[in-house]
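Heads up, the thing below is written out as structure tokens.
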Amino acid sequence: MSYYKKIVGERVYLSPVDPNEVELYLKWMNEDRTLAVNFHQFSQMVSSKNDLRWLYEPPKDMHRFAIVLLENDGLIGSISLHNIDHLNRNAFIGIFIGGEGYRGQGYGAEAIRLILKYGFHTMNLHSINLSVNANNPAGISCYKKVGFREVGRLPEALFVDGRYVDKIFMAVLEDEFDGI
Ligand SMILES: CC(C)(COP(=O)(O)OP(=O)(O)OC[C@H]1O[C@@H](n2cnc3c(N)ncnc32)[C@H](O)[C@@H]1OP(=O)(O)O)[C@@H](O)C(=O)NCCC(=O)NCCS
């Protein structure tokens, strides 16, 4: 697999996505239920590379990276800045860490800090936002840890596992990030 150390942290780096890495993504989208449900893929059919176009062929307003372990160049997830709006200088973050064993280890928080720095200091963004299912405590806890705060919620906007849950919006401003 080919990964490039574009944005380097202490334990992970962010690389362009390797177009030959298909199997692991297909496995995650189908067998890692926590990931698939929270990343809104469980209700989709993901059976071939064709169904992963959003991963390999990101639109112009999206910068997508693979999250890779520095110690062994192993792929553990993906993170993106999407809906990048240069006029209003904002964007959204999307992230997943694949495999139960890699979650809750701080890798998600490190990857988000790296992409926030890239967003504010390289892309010249003013605010970075995200949305998260209200029944995703690990996600919410991770986002708060890196400086996001809740700015609103859509009540019962998502149908997850047989019930409606709120969709929470969170945001961080550039001066808030620089203050961390
Ligand atoms: C959300 C996600 C990217 C976070 O990455 P991560 O590497 O697991 O995050 P971190 O380890 O940096 O932080 C997670 C925090 O949540 C906490 N946490 C985990 N499970 C929890 C739970 N059930 N309740 C409350 N907190 C929980 C962890 O203890 C950790 O906090 P700590 O560092 O203070 O101990 C990752 O969990 C993931 O990919 N989940 C599945 C897909 C997903 O939800 N994507 C995001 C959609 S918005």
| remark: How many residues of the range 37-68 are β-branched (V, I, T) and surrounded by fewer than 20 Cβ atoms within 10 Å (Cβ to Cβ)? The answer is 2
| How do the pairs read when you match residues in the range 54-65 that are within 12 Å of P19 (Cβ to Cβ) with residues anywhere that are of a type outside the set (D, E, K, R) and loosely packed, with under 13 Cβ neighbours inside 10 Å, using Cβ under 8 Å and keeping only pairs 6 or more apart or on different chains? | Y56/P19
| Contacts under 6 angstrom Cβ, first residue in the range 84-97 being modelled with pLDDT of 95 or more, partner of a type in the set (F, W, Y) and part of a loop (DSSP other than H, G, I, E, B), 6 or more apart | F96/F39
| Among the candidates G108, G104, which residue alone is within 7 Å of the ligand (Cβ to nearest atom) and surrounded by 17 or more Cβ atoms within 10 Å (Cβ to Cβ)? | G108
| remark: Contact list, first residue from the range 18-32 and surrounded by 15 or more Cβ atoms within 10 Å (Cβ to Cβ) and among the acidic types (D, E), second anywhere and modelled with pLDDT under 95 and part of a helix (DSSP H, G or I), beta-carbon distance below 8 Å, six or more apart or interchain, is D32/E100
| Name the residues in the range 69-89 that are in contact with a strand residue (DSSP E or B) (Cβ under 8 Å, 6 or more places away or on another chain) and either surrounded by 19 or more Cβ atoms within 10 Å (Cβ to Cβ) or under 19 Å from P16 (Cβ atoms) (or both), would you? | L69, L70, G74, L75, I76, G77, S78, I79, S80, L81, H82, I84
| task | Name the residue, out of D85, D51, that is away from the ligand (no atom under 14 Å from the Cβ), within 20 Å of L24 (Cα to Cα) and of a type in the set (D, E). | result | D51
| query | How many residues does the range 111-155 contain that are near the ligand (Cβ under 7 Å from one of its atoms), of a type in the set (G, A, S) and surrounded by 14 or more Cβ atoms within 10 Å (Cβ to Cβ)? | reply | 3
| query | Which pairs do you get when a residue that is at positive phi, found in the range 102-126, comes within reach of a residue that is more than 16 Å from the ligand (Cβ to nearest atom), reach meaning Cβ atoms under 7 angstrom, with the pair 6+ apart or on two chains? | reply | N124/R89
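The values are calculated or read from the model by the stated rules, or taken from the named source; none is laboratory data. These numbers come from a predicted model, not from an experiment. Counting neighbours? That spans all protein chains shown, and the Cβs are built from the backbone with ideal geometry, glycine included.
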